[in-house]
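Here's the structure, in structure tokens; my notes come after.
The values are calculated or read from the model by the stated rules, or taken from the named source; none is laboratory data. In this text, all values refer to a predicted model and were calculated from it rather than measured experimentally. Here the Cβ is made from the backbone with ideal geometry for all residues, glycine too, and neighbour counts use every protein chain on show.
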Amino acid sequence: MKGDFQCRRCGACCRIKDGIVRVSDAEVVRIAAFLGMGEAEFIERETELAPDRKSLMLRSRPDGSCAYLTADNLCRINPVKPDKCSTFPFEWTNPDSYSVCPAL
Ligand code: SF4
Ligand code: SF4
């Protein structure tokens, strides 16, 4: 799929209402460093506990969009974004992916 897939940069995958972008410890370290923040500050200000309480996740805006999505559909932390973001939709999709991503 990777060879054929052409992202339309619509940002829909970063605007999923109730979407969850979990962050691992390693991702917290790299994103905090990229933003010039301490890890504790990043966790406090930029993350929330996931609903299942098993991990942290990136904070979302009230409309469901990721806090790092810019007005022109770019990712403000693109060089260090979570693996889940980097690998969608090449390495994983779920049943909802096809209704979210117009390029699939
Ligand atoms: S971190 Fe970037 S790529 Fe991932 S959901 Fe947020 S804006 Fe989208
Ligand atoms: S929803 Fe699909 S086409 Fe739109 S930005 Fe995400 S991966 Fe690209």
Is there any pair linking a residue in the range 32-49 that is of a type in the set (A, V, I, L, M, F, W, C) to one that is part of a strand (DSSP E or B), with Cβ under 7 Å and at least six apart or on different chains, and which?
43/56; 49/56
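Out of all the residues in the range 50-65, which are charged (D, E, K, R) and either exposed (fewer than 12 other Cβ atoms within 10 Å of the Cβ) or touching a residue at least 40 places away in the same chain (Cβ under 8 Å) (or both)? Spell out the reasoning first.
To start, the set of residues in the range 50-65 that are charged (D, E, K, R) comprises 52-54, 59, 61, 63.
Scanning the range 50-65 gives 52, 53, 54, 61, 63.
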Can you tell me which of 94, 73 is assigned to a loop (DSSP other than H, G, I, E, B), within 12 Å of ligand 1 (Cβ to nearest atom) and not hydrophobic (A, V, I, L, M, F, W, C)?
73
Looking at the range 45-59, can you tell me whether even one residue there is assigned to a helix (DSSP H, G or I), at pLDDT 95 or above and either more than 13 Å from ligand 1 (Cβ to nearest atom) or not aliphatic (A, V, I, L, M) (or both)?
yes
Scanning the range 66-80 residue by residue, those surrounded by 14 or more Cβ atoms within 10 Å (Cβ to Cβ) and either more than 14 Å from the chain's Cα centre (by Cα) or away from ligand 2 (no atom under 12 Å from the Cβ) (or both) turn out to be 67, 68, 77, 80
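Does residue 18 satisfy the condition of being assigned to a loop (DSSP other than H, G, I, E, B), among the acidic types (Asp, Glu), surrounded by fewer than 16 Cβ atoms within 10 Å (Cβ to Cβ) and on the phi > 0 side of the Ramachandran plot? Explain how you work it out, then say what you get.
Numbers: assigned to a loop (DSSP other than H, G, I, E, B): yes; among the acidic types (Asp, Glu): yes; surrounded by fewer than 16 Cβ atoms within 10 Å (Cβ to Cβ): yes; on the phi > 0 side of the Ramachandran plot: yes.
Yes; evaluated as a whole, the condition is true for this residue.
So for the range 83-93 (the condition being in contact with a strand residue (DSSP E or B) (Cβ under 6 Å, 6 or more places away or on another chain), closer than 18 Å to residue 12 by Cβ, buried (at least 17 other Cβ atoms within 10 Å of the Cβ) and of a type in the set (Phe, Trp, Tyr)), does at least one residue qualify?
Taking the range 83-93 and keeping what is in contact with a strand residue (DSSP E or B) (Cβ under 6 Å, 6 or more places away or on another chain), we get none.
No, there is no match, as no residue in the range 83-93 is in contact with a strand residue (DSSP E or B) (Cβ under 6 Å, 6 or more places away or on another chain), closer than 18 Å to residue 12 by Cβ, buried (at least 17 other Cβ atoms within 10 Å of the Cβ) and of a type in the set (Phe, Trp, Tyr).
Condition check ((1) within 18 Å of residue 17 (Cβ to Cβ); (2) more than 11 Å from ligand 1 (Cβ to nearest atom); (3) not in a loop (DSSP other than H, G, I, E, B)) across all residues:
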position: 37; (1), (2), (3): no, yes, no
position: 41; (1), (2), (3): no, yes, yes
position: 86; (1), (2), (3): no, no, yes
position: 99; (1), (2), (3): yes, yes, yes
position: 102; (1), (2), (3): yes, yes, no
